[in-house]
C-alpha cells in the first residue's frame, strides 16, 4: 500500500516537474495559473519547485491549535519577521481558532498558484493549511526602506523638503497626503516579465482628459520589457518620439510637483523601486519651470524663470556664438575687443572650433568625474580641476582666455535648468551647434536652430504639441510660460492638456 | 521615420567633410586694417599711395599679461602704391602673411590734395566692398594723409583708436559732426545737397580737428573753420557746437563765453520781402545756454537782468555774424551742405524746385539767419 | 514599431496659424530689395508701392478663401475636378483641371527656386564671401526637405514658432533706423502721375507673391476658423512691415542713394547703430535670423508643391518624402539658370507679375465656372469635428 503511495507520489512529482520544465523560461507568465491542492506537502513542494529551491525561501512548518499542519512560506529579508512570528504563528498555535483569521492587518485568500508566487516575490508571506485549498496571503512586507529625505536633484530654497523614496506605497501616500481628493485615481499595473514591477498610474478624475489617461495605460500595458529597474525604462519606451533628444515625459522626485501637475490634468506614473516619478504629457516649457516659481512672489518668480531661459540658451549657444564671431564674423565684435581677443588667440595653434571642442570636452570629463567621485571630494576636484586646467591651458597658450570664460559660463548655465533630463539634452546639443557654427558661422547656427524648431514642432507628447502654448498659440496658457502671472490671474487650468474641470479658482472664492 | 535623425546626422557629417569651411578664418589669421590713408602718388609713382595701419595684437597691453609697455610699435604702418585703391590693396596683400581684413576699418584718411581732385573714384571700391562699414569715418587731412596714421598719441596705444575716440567724444559733446561714409554717400547721391567731411591736421605726435571740408560734386572746394562748423551744426543738425567766445565790444582782452546747451532751429521759406520776388530762406535758431566765463569782471551792470539782456543782444549779433560768414563761404563755393536744397525740394517742389537748377541757384539764394539767445544760468557765480 | 496615435485628435490650423503661415510665406527675400524696387519709379513716394501692390493680393486671397469655403476640407488639387465637371464624370474633371494644377504647381516650384537663389546671392555677397552659392542653396533645400518629411500640421506650428523671429528683426531694424531718419526725404508727397503709381507698385508685387500656397493649406483649417480674416490680417501685417521698411529706407538713404544699393535693407542694418549693444555690424546677425524668413518662404511653397503632387497621384506620406528628396535636383538647376544678379532681379519681377495674373486670374475663372454651372453656393458650416 505504501509502495503504491510512493509510486503515486513519484509519478505526481514527475508530472509536476514536466509541466514546470515545459516553461523553461521561469518568468511570471510561465507559472501555471492553476489551483493548488489541499495536501500541504504537495503545495510546499510545488512552491519550492517554482523557486528552484532557492535558499532564501523559508518554509516554517507548525501545527495550529486544531491540530492541522500548516506552513508559512516567505522570502528571507523581504518580510517583517515580527509579523510572522507574533501575529501569524503565535496566534495560530496558541489561540483556539475555529475559523482562520491570522491577526495580520491585511489578509487575502486565494488558491491560484500564480498569485501565490507573485505574493511571495513581492514580500508577502503565504500560509498553507493542510486539507484546505484556501491559501492565505499575509501582508508582511518589511524590508529595510530608505526614509523620506530631501530630494537630491531638485532642491529648492522654499518648498517642502520631502522627496519620493524607493517604496511605491510610501510614494503614493506622499501624494495622497497632499491631495485629499477622492477623485484621485490610481491604476495598478504590473510591468516587466521578470521584475514584476508594480506601477501606479495616477490621475484626477474629472480633471485629466480620459483619452490621455487611457493612452498612458495602454502604452504601459503594451510594454514587453522583462525588466523595469527605473522609470527611465518606461519613459523611453512610451514616449512618442524615441529618437528625439528632448525628454517628452518629465520626471521628478518632488511630491509637490507631482500634485501640481496632477492638478493641471496630467498623469503621474509611479514605479516601485525608484524615487523618480514620471509626468505625462510634458511640454517644453515645463523643463525650465520649478515648483518654487509658484511659492515665491510672481515678480521674482518671473525674473528667475527668465534667467533660467537665458541660461539654457547660453548653455546651448554660447560656445558656438564664440566660434561664429571669432572665425566668421569678427567685424561684429567691437574693434577694441577684437584686438584683445586676437591677442589672446595669437598663441593658440588651433582653430576656434577645435579650441572650443577641446575645452568643452574637457569640462564634460571633469563634470562626469566629479559626479562619480565619492561625496565630498567630487566638487573639490571639479573646482580644482577647472581652475588648474583652465589656468594652465591659458598660460601654455593652448586656449585663449576668452574661451575659458565662455566654457565656464556655459557650464554654469547648464546647471541652472531645474530639470536634469532637459539639461543633459541641451548639453549634448551644444556639440552639433558648435559644429555647424564651425561650418557656416551664424548662418550655420541658424540652420541648426531651424532644424531643431522643426523637430520640436513635430513632437507631440501624448497628443499635446510639445511647444504649446507658443505653438499652437494659447494666450491664456502664455500666462505661465516665461512670466509667471499672479495666482489670481491664473484662474483656469492650462487648456493645452485638454482638462475637463477647467476652473482652478472660482470667482467667488477670491477675497 | 524613426531613422530620420540618424540620416540627417549622417548627411550633415558628410557635408562637413565635403565642405572644408570656406569662410572660416580665425581672428589672428586676419590682418585687421583699422585705418586706411590715401595720398596721391609721388612723382614717378602710380596714382595712389595707400597707407594702412594694422595693430599687432601680441604687442597690445592687457592681452594675456604679456607685451604692453612699448606702445611705440603696437601697430604696423605699411604703405603701397597702386593705380586704383583696390590695386593698391592687392599690392599690399603681396607683402602680408595674413589676409587683409577690412571689416574693422574705422577711419579712411584722404589727403586734401586728392580730395580736391575728387574722391568719387576712391569711394567706388568702398561702395562695392561688402566688408566696409557704412559707419566708418572718412576724414580729410591737411597735408599728407599718411601722417595721420603715423602719430604717436601715447594716450591710446593704437593711433586710430585715439582718432576714433576724438571723433566719438566730439560727437557726444556736439562739437564735431558725425560724418560717416554712409552720410557722405547719401549726400552725394542726393541731387539737392552737397556733403562735407571732417578736416584734420596731423603733427608728429598729435592730431587736431580743424573744421570741415566742404564738397561740390565729389570735389573738395573749401573748408570751414571750427567756429563756422559749429554754426553749420547749429543750423543744420541742431547740435550745440562748441563754446562761443566773444570779444566784448570796445574793450581790450575782454571776453564772454557762452556754452550752448540746447539748440532749436527752424527753417522757413518765405517770399523775399527785400529784393522783391523770389523766395528767401530764414533759419531761426534758438540757442539756450549758460555764461561760462566773463573776463575781465570789472565792468559791472546795474543788475543781473541787465547783464543778461545785454549779453543776449551781443551774443545774438556775434552768432548771426558767424553764421553769415559761414553761409557766404558756402555760397562762394557753391556747396549746399545746409540741406537747404532738400528743404526746397521737399516742401516747395512745385512752386520752386521744378523751375530752378539748384546747382546754380544756391549761389544767389537769399538766406537769412536769426538767432535767439536765451541765457539760462550764469554758472555757479551769481554776480555778473 | 510605430506607435499609433489613438485618441490624439488632429489639430486643424487655427486662424492665427493661418495668419502666420501667410505672413511668413510672404515675407522673404522681397524685403531685402523692396526699398529700392519700390522707390525706383515712385521716388520719394516709394512707400505707396507696398500699399498699392497689396491690393491684388487682398482680392486674390479673398477669392481663394471663398473657394476653400465652397469646398471645405479640400485642396485646390482635390476640388479642381469638381469645378470643371460634375461628380459623375471624374475623368473629364481631372483632365480639364490638370493644366491649371500644373501651371500653379510649376509656378510655385520655379518661384521657390528663385527665392533660394536670391537668398544664396545675398548671403554670398555680403556675409559668407567665399562659400559657394550652391552650398547655401543646398542647405536651404535640405531644410525644406526636412520640413517635407513631416505632417502638414507641423508646417503650421513651425510657421507659428518662427513668426516672431521674422517679424521682430524687421520691425527692430525699421524702428531703430528711424533715429537717423530725415523725414524731408519723404516729400514732396506726390510728384509722379497717378499712372506711374501703378507702374511703381508693379515693382513691389513680387514681394506679395507666395500666398497662393493657401490653395493647398486652407484645406487643413479648423472649420470654424476665419479663413478670409486670416488672409486679410496676414497680408495686412506684411504690408505694414513692408511699408515700414520702405519708409525707413527712404528716410535714411533718400531715393537717389537707394537706387544704387543692391540690398538696401541690408545696408539699412549696416547703418543702424544700437546704443548699448555689445555687437557691431548687425548685418551678419540679421541675415542669419533672416534664414528663418527665407526658410518659411521656401519650405512652405515647396511643401505645397509636394503635397499637391502627392494628391495628384493619390499617394501617401512615403511618396511625399521620396518626391521631396528628388524634386530638389531639378529645382537646384532651375535656380542656377539666371546668369547674374541683374537677370535674377528681372526674372523675379516677371515672376511677381505672372504671379499676380495667376492669382487673380485662376480663382476668378474658377468662380465664373462655378457660377455658370450653378454650383457657387457655399455649403453651411460644418460643426468643427477636430
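Remarks
- Residue within the range A:244-254 that is away from chain B (no Cβ under 14 Å) and over 13 Å from the mean Cα position of the chain (by Cα) present: no
- Pairs with Cβ under 8 Å, 6+ apart, first in the range C:262-277 and away from every other protein chain (no Cβ under 11 Å), second not in a helix (DSSP H, G or I): C:274/C:282
- Those residues of the range B:177-208 which are within 11 Å of chain C (Cβ to nearest Cβ) and touching a helix residue (DSSP H, G or I) at 6+ places or on another chain (Cβ under 7 Å), in sequence order: B:178, B:181, B:182, B:185, B:186, B:189, B:190, B:191, B:192, B:193
- Residue list for the range B:115-138, filter: under 25 Å from residue B:206 (Cα atoms), crowded, with 20+ Cβ neighbours inside 10 Å and touching a helix residue (DSSP H, G or I) at 6+ places or on another chain (Cβ under 7 Å): B:136, B:137, B:138
- Exactly one residue out of C:181, C:144, C:176 is within 14 Å of chain B (Cβ to nearest Cβ) and farther than 22 Å from residue C:264 by Cα, and it is C:144.
- Within the range A:332-357, the residues that satisfy the criterion of being at the interface with chain B (Cβ under 7 Å from one of its Cβ atoms) and touching a residue at least 24 places away in the same chain (Cβ under 8 Å) are A:341, A:344, A:345, A:351, A:352.
- For residue C:90: the one exception among (1) free of Cβ contacts under 8 Å to residues at least 24 places away in the same chain; (2) more than 14 Å from every other protein chain (Cβ to nearest Cβ); (3) buried (at least 24 other Cβ atoms within 10 Å of the Cβ): (3)
- Members of the range B:156-167 that are away from every other protein chain (no Cβ under 11 Å), crowded, with 21+ Cβ neighbours inside 10 Å and over 12 Å from the mean Cα position of the chain (by Cα): B:159
- Scanning the range A:199-243 for residues that are facing chain C (nearest Cβ under 10 Å), farther than 22 Å from residue A:272 by Cα and assigned to a loop (DSSP other than H, G, I, E, B) returns A:209, A:240, A:241, A:242.
This table checks each residue for (1) in contact with a strand residue (DSSP E or B) (Cβ under 7 Å, 6 or more places away or on another chain); (2) assigned to a helix (DSSP H, G or I); (3) not assigned by TED's automatic domain parsing to the domain that holds residue B:105.
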residue: B:156; (1), (2), (3): no, no, no
residue: B:175; (1), (2), (3): no, no, no
residue: B:183; (1), (2), (3): no, yes, no
residue: B:187; (1), (2), (3): no, yes, no
residue: B:192; (1), (2), (3): no, no, no
residue: B:204; (1), (2), (3): no, no, no
residue: B:212; (1), (2), (3): yes, no, no
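- Hey, residue C:118 away from every other protein chain (no Cβ under 14 Å), buried (at least 23 other Cβ atoms within 10 Å of the Cβ) and under 23 Å from the mean Cα position of the chain (by Cα) or not: yes
- Checking residue B:96 against (1) more than 14 Å from chain A (Cβ to nearest Cβ); (2) buried (at least 17 other Cβ atoms within 10 Å of the Cβ); (3) closer than 20 Å to residue B:31 by Cα, the condition it does not meet: (2)
- Candidate set: the range A:395-414, residues that are in a helix (DSSP H, G or I) and without any contact (Cβ under 8 Å) to a residue 12 or more places away in the chain; chosen: the one nearest to the other protein chains (Cβ to nearest Cβ): A:395
- Test for residue A:165: is it more than 14 Å from chain C (Cβ to nearest Cβ) and buried (at least 21 other Cβ atoms within 10 Å of the Cβ): no
- Listed by position, the helices (runs of 4 or more DSSP H) inside the range C:292-386 whose residues that are closer than 21 Å to residue C:153 by Cα and in contact with a helix residue (DSSP H, G or I) (Cβ under 7 Å, 6 or more places away or on another chain) number at least 3 are C:317-326.
- The listed residues are B:33, B:77, and the only one of them that is away from chain A (no Cβ under 14 Å) and either surrounded by fewer than 19 Cβ atoms within 10 Å (Cβ to Cβ) or modelled with pLDDT of 75 or more (or both) turns out to be B:77.
- One residue stands out among those in the range B:337-360 that are within 28 Å of residue B:213 (Cα to Cα) and assigned to a loop (DSSP other than H, G, I, E, B): the one that is farthest from the other protein chains (Cβ to nearest Cβ), which is B:357.
- Of the criteria (1) in a loop (DSSP other than H, G, I, E, B); (2) over 19 Å from residue C:295 (Cα atoms), which one residue A:471 fails: (2)
- Within the range A:258-276, residues that are at positive phi and at pLDDT below 95 have Cβ atoms under 7 Å from residues that are part of a loop (DSSP other than H, G, I, E, B) and surrounded by 24 or more Cβ atoms within 10 Å (Cβ to Cβ) in these pairs: A:265/A:208, counting only partners at least 6 apart in sequence or on another chain.
- The helices (runs of 4 or more DSSP H) found entirely in the range C:1-120 that carry 3 or more residues being closer than 30 Å to residue C:171 by Cα are C:15-26, C:30-42, C:48-70.
- Residue check for residue A:437: crowded, with 18+ Cβ neighbours inside 10 Å and at pLDDT below 85: no
- Looking only at the range C:21-72, and only at residues there that are surrounded by 24 or more Cβ atoms within 10 Å (Cβ to Cβ) and touching a strand residue (DSSP E or B) at 6+ places or on another chain (Cβ under 9 Å), the one that is modelled with the lowest pLDDT: C:68
- Any chance residue B:151 is within 30 Å of residue C:251 (Cβ to Cβ) and more than 14 Å from chain C (Cβ to nearest Cβ): no
- Condition met for residue A:380 (modelled with pLDDT under 85, out of contact with any helix residue (DSSP H, G or I) (no Cβ under 6 Å at 6 or more places or on another chain) and facing chain B (nearest Cβ under 9 Å)): no
- Candidates B:242, B:170: the one that is surrounded by fewer than 24 Cβ atoms within 10 Å (Cβ to Cβ), assigned by TED's automatic domain parsing to the domain that holds residue B:267 and farther than 22 Å from residue B:39 by Cβ is B:242.
- Restricted to the range C:240-254, and to residues there that are in a helix (DSSP H, G or I) and crowded, with 23+ Cβ neighbours inside 10 Å, the residue that is nearest to the other protein chains (Cβ to nearest Cβ) is C:253.
- Scanning the range A:451-461 for residues that are touching a residue at least 60 places away in the same chain (Cβ under 8 Å), over 10 Å from residue C:161 (Cβ atoms) and more than 7 Å from every other protein chain (Cβ to nearest Cβ) returns A:455, A:459, A:461.
The values are calculated or read from the model by the stated rules, or taken from the named source; none is laboratory data. Values in this document were obtained by computation on a predicted structure and should not be read as measured data. A quick note on method: Cβ atoms are made from the backbone with ideal geometry, for glycine too, and the neighbour counts reach across all protein chains shown.
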